[in-house]
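A quick write-up on the structure given underneath.
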Amino acid sequence: MKKIAIIGASGFIGTTMQSFFRSQGFEVLPLGREDTGKAVGEIARILEGTDIVINLAGAPIIHRWSEAYKKILYNSRILTTRKVVEAMSQMKKRPELFISTSAIGIYATDGPMSESNYTYGDNFLTKICIDWEAEAQKADEFTRVVIFRFGVVLGKGGGALAKMLPAFRLGIAGTIGDGSEPFSWVHINDLLSAYLFVFSDQTQEGTFNLCAPNPVTNRELTKTLGKILHRPTVIPLPKFVLRVLFSEGATVLTEGQRVIPERLLENGFTFKYPTIEEALREVLDKAD
């Protein structure tokens with residue numbers, strides 16, 4: 001039985017991962033901030049005996065970005081990843097695989113972007129992602145490293161969709177701005193399957209875009225949700241309102257990336273939910 005450590009295991013994705021991997025026969029060791037706050041040697045002791053280490057650590061991105069919170073966003077990703085990599089290097093038996101997290105926010109807002117044809121953005125989120133990936137990649141000196149750049153994760157009971165649904169169900173939701181912003185996403189079941197995919201194929205390493213092969217616009221997302229829920233979607237949300245609420249952090253909501261999972265597709269991975277309507281119907285338990 002393989003043993004998996006999940007760092008940052010308390011959030012929506014982490015808790016779903018715990019249940020899923022246990023159902024697949026893995027032993028799961030969840031770690032939180034109290035664990036990664038320990039000295040490097042103590043983290044190494046905690047991780048001893050794990051075969052796979054998954055790093056999901058990071059403070060929530062959807063938040064008002066004060067200067068103090070930007071420091072929290074940065075340190076919770078970069079400094080935590082640095083400590084974890086240092087701890088793994090000190091283990092008596094190092095893990096066979098380290099999977100760290102990044103985000104498609106590393107890319108510029110035009111597109112489409114793939115792992116082989118891209119332009120990086122020029123903002124704070126891009127800087128976080130670049131530095132985050134650089135810290136994770138240091139582990140390739142002693143183990144196989146995979147970095148997943150997440151799109152917006154859609155699933156039951158949490159994540160971005162859970163925050164959006166109340167307004168849609170009340171019929172008071174609409175597009176953000178003119179609705180033209182790209183929206184790259186992934187169903188959480190496909191996300192979990194991608195982890196199993198790289199677990200089982202030892203040739204898989206490096207950076208992967210983890211998003212569905214059919215990105216949409218904010219307008220398409222909005223209209224599809226309205227169609228499935230049988231609710232109107234005619235009230236647009238002005239971008240300035242989001243800027244008032246989240247300051248610089250509003251860019252996560254008002255700007256998007258059009259991203260293609262080129263490497264996963266080329267390596268034979270199959271998405272069970274390749275379109276936004278299929279994904280949303282499963283999440284919302286709504287048949288055609």
inquiry  = Give the aspartates and glutamates reachable from K272 as a straight Cα distance under 17 Å; neighbours fewer than 8 places away on the same chain don't count.
reply    = D190, E262, E282, D285, D288
message = Using 0.36 nm times the number of residues separating I172 and K93, minus their current alpha carbon distance, what extension gain do you get?
response = 23.0 nm
message = Counting other beta carbons within 10 Å of each residue's own, what order do D131, D35 fall into, fewest first?
response = D131, D35
inquiry  = Only four residue types carry charge here, +1 at the Cβ of Lys and Arg and -1 at the Cβ of Asp and Glu. Report the dipole size of the range 1-70 about the Cα centre in Debye, rounded to the nearest 20.
reply    = 160 debye
task = Only Lys, Arg, Asp and Glu count, each charged at its Cβ (+1, +1, -1, -1), so figure out the dipole size of the range 57-129 about its Cα centre, rounded to 20 debye.
result = 500 debye
key: Calculated log₁₀ intensity ratio I(q)/I(0) where the Debye formula runs over C-alpha points of the range 118-210, q = 0.12, 0.23 Å⁻¹   = -0.56, -1.28
request  = Take every DSSP beta bridge whose two residues both sit in the range 92-213, then give the antiparallel share in percent to the nearest 5.
outcome  = 15 percent
query = Of the peptides 255-267, 160-172, how do they stack up when ordered by the mean number of other Cβ atoms within 10 Å, highest first?
reply = 255-267, 160-172
key: K138 paired with R243, simple spin-label distance in nm, labels 7 Å along Cα-to-beta-carbon   = 3.8 nm
Listed residues P112, M91, T126: farthest to the positive end of the dipole of the range 70-136 (Cβ charges) = M91
Charged-residue dipole, Cβ positions (Lys, Arg, Asp, Glu), the chain about Cα centre, Debye nearest 20 = 820 debye
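Rule-based calculations on the coordinates, nothing more; no lab input. Nothing here was measured: the structure is a model prediction, and the numbers come from that model. Please note: Cβ atoms are built from the backbone with ideal geometry, for glycine as well, and neighbour counts cover all protein chains shown.
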